[in-house]
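To start, the structure itself, in structure tokens.
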Amino acid sequence: MPPTLPPPGEILDLLPDVVCVVDPQGHYLAVNAAFERLIGYRPEEVLGRRMTELIHPDDHATTAQAVQRVMEGRPLPHFRNRYVRRDGGLVDMQWSARWLPDYGVRIAVGHPVTELRDLERRLEFMAAHDPLTRLPNRHRLREELDRLLADGTRPLAVLYLDLDGFKAINDRHGHALGDQVLRETAAGLRQALRHGDFIARVGGDEFVALLPDCGQADDARAVAGMLQAALDQRQAQPSFARIGVSIGVACCPADGRDAETLLRHADADMYAAKHGRGRAAGA
């Protein structure tokens, strides 16, 4: 006598992945046991509800695009969105979905990728940021600078900053104190900038700030003065080794309209400022 197969629902409940069946309008018709384990809702709490009610609002648009593709008969093997759990937490999900026109339903199978997404975010951050100061790095600076210059009409100022006396701190007191100075300098610069400004660490003791909608040299130098004052104030703290800063300015469009020209001009202006002050500080 052949064995008797269990009902399909019991088989689906053994799966570690979420299985959802929805109608053409996206109302839940069936979910398996993993839905409650991963998203927190019992089947009777979601049947008849629209799936969008449980999706994070920021992911509604991309989810709608994915659904449109599936409903056009194009299977979607790897689609991600975030669900809001019953307890209010978020879970990143990766789905495979398919429309079955003969049955008038859409089936999706998903598994959580929250840990994977967290790792991806950390790697993305590491690729775009300086590990010591947590500021954007040179690569991220160029991306932002190119973005700000893209329309060719928006005024922009570029500040090139180089610390005076930093090499002497490293030589006399070691790299541990030098690293502390760089971290505290980065924090001071970030706090002193205006809302919408951008700053990156581009070298050992070099930083570049971007000031959108600041196209006049006098205005840019006023911001540079604010940055200098912020560093002077932080140096009153016992933990801060005393240093200065030389700042060069370049403005778009007066000094150039492309990234290379603006950076070169700001760098040259910074060296002129440093040379005019002399090298007594041990830069």
- prompt: Using Cα atoms only, what is the angle between the long axis of helix 259-277 and the major principal axis of the chain, expressed in degrees (0 to 90) to the nearest 10?
  reply: 40
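According to the Kirkwood expression over distinct Cα-Cα pairs, how big is the hydrodynamic radius of the stretch 136-246, in Å?
14.6
With r as the distance between the Cβ atoms of Thr153 and Met71 and R0 = 25 Å, compute the FRET efficiency 1/(1 + (r/R0)^6) and round to 0.05.
Numbers: r = 41 Å, r/R0 = 1.65.
Efficiency computed from Cβ-Cβ geometry: 0.05.
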Between 0 and 90°, nearest 10: helix 217-234 axis offset from the chain longest Cα axis: 90
statement: Site His60, offset 7 angstrom along Cα→Cβ, radius 17 Å on amide nitrogen, limited to the stretch 82-103, gives 82-85
- prompt: Name the residues of the stretch 55-83 whose amide N is less than 20 Å from a point 7 angstrom out from the Cα of His27 along the C-beta direction?
  reply: 55, 64, 67-68, 71
task: Place +1 on the Cβ of every Lys and Arg and -1 on the Cβ of every Asp and Glu in the chain, take the dipole about the Cα centre, and give the residue among Thr153, Val22, Val202 whose Cα lies farthest towards its positive end.
output: Val202
- request: Extending each Cα 7 Å along its Cβ direction at Asp146 and Thr4, get the distance between those two points in nm, one decimal.
  value: 6.6
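Once the cut-off is 31 Å, how many percent of the Cα-Cα pairs in the chain end up in the long-distance tail? All intermediate terms of the calculation are to be shown ahead of the outcome.
Details: 20433 of 39903 pairs.
Roughly 51 percent, rounded to a whole number.
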- request: Report the label-to-label distance for Arg50 and Leu100 in nanometres (one decimal), using points 7 Å from each Cα along the Cα→Cβ vector.
  value: 2.4
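For Gly225, what charge total do you get from the other residues with a beta carbon under 14 Å from its beta carbon, if Lys and Arg give +1 and Asp and Glu give -1?
Working: positive: Arg194, Arg221; negative: Asp218, Asp219, Asp232.
It works out to a net charge of -1.
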field: Most mobile of Glu144, Glu36, Glu206 in a GNM of the chain (Cα contacts under 10 Å)
entry: Glu36
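Might you report the magnitude of the Cβ-based charge dipole of the chain about its Cα centre, with Lys and Arg at +1 and Asp and Glu at -1, to the nearest 20 debye? Walk me through the numbers before you get to the answer.
Numbers: 35 positive and 40 negative charges, 90 e Å.
Roughly 440 debye, rounded to the nearest 20.
Strictly greater than 13 Å: what percent of every Cα pair in the stretch 25-75 meets that? Please list the in-between numbers first.
Details: 800 of 1275 pairs.
The share of Cα pairs beyond 13 Å in the stretch 25-75 comes to 63 percent.
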- request: Kindly provide the pair-distance distribution of the stretch 64-175 built from C-alpha pairs, with 5 Å bins from 0 and whole-percent values in order of increasing distance.
  value: 2, 9, 10, 11, 10, 11, 12, 10, 8, 6, 4, 3, 2, 1, 1, 0
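Report the semi-axes of the equivalent ellipsoid for the stretch 158-221 in whole Å, largest first, where each axis is √(5λ) for an eigenvalue λ of the Cα gyration tensor.
They are 26, 12, 8 Å, listed from largest to smallest.
Could you tell me what fraction of 2.2 N^0.38 Å the Cα radius of gyration of the stretch 1-49 comes to, as a two-decimal ratio? If you can, show how the numbers build up before the last one.
On the way: Rg = 12.6 Å, N = 49, 2.2 N^0.38 = 9.7 Å.
Expressed relative to 2.2 N^0.38 Å, the Cα Rg reads 1.30.
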message: Give me the 1.4 Å probe accessible area per residue for the stretch 7-161, excluding ligands and nucleic acids, in Å².
response: 57
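State the extension gain, in nm to one decimal, for the chain segment bounded by His139 and His173, taking 0.36 nm per residue of separation less the distance between their alpha-carbons.
Values: separation 34, 0.36 × 34 = 12.24 nm, distance 3.04 nm.
Full-extension gain reported as 9.2 nm.
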message: Taking the 0 to 90 degree range and rounding to the nearest ten, how far is the long axis of helix 175-192 tilted relative to the main principal axis of the chain, both from C-alpha atoms?
response: 80
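The values are calculated or read from the model by the stated rules, or taken from the named source; none is laboratory data. Here the structure is a predicted model, which is why all the values come from computation and not from measurement. As a convention, Cβ positions derive from the backbone with ideal geometry for all residues, glycine included, and neighbour counts pool all protein chains shown. With ligands, DNA and RNA removed, areas are computed over all heavy atoms of the protein, side chains included. Shrake-Rupley method; radii C 1.70, N 1.55, O 1.52, S 1.80 Å.
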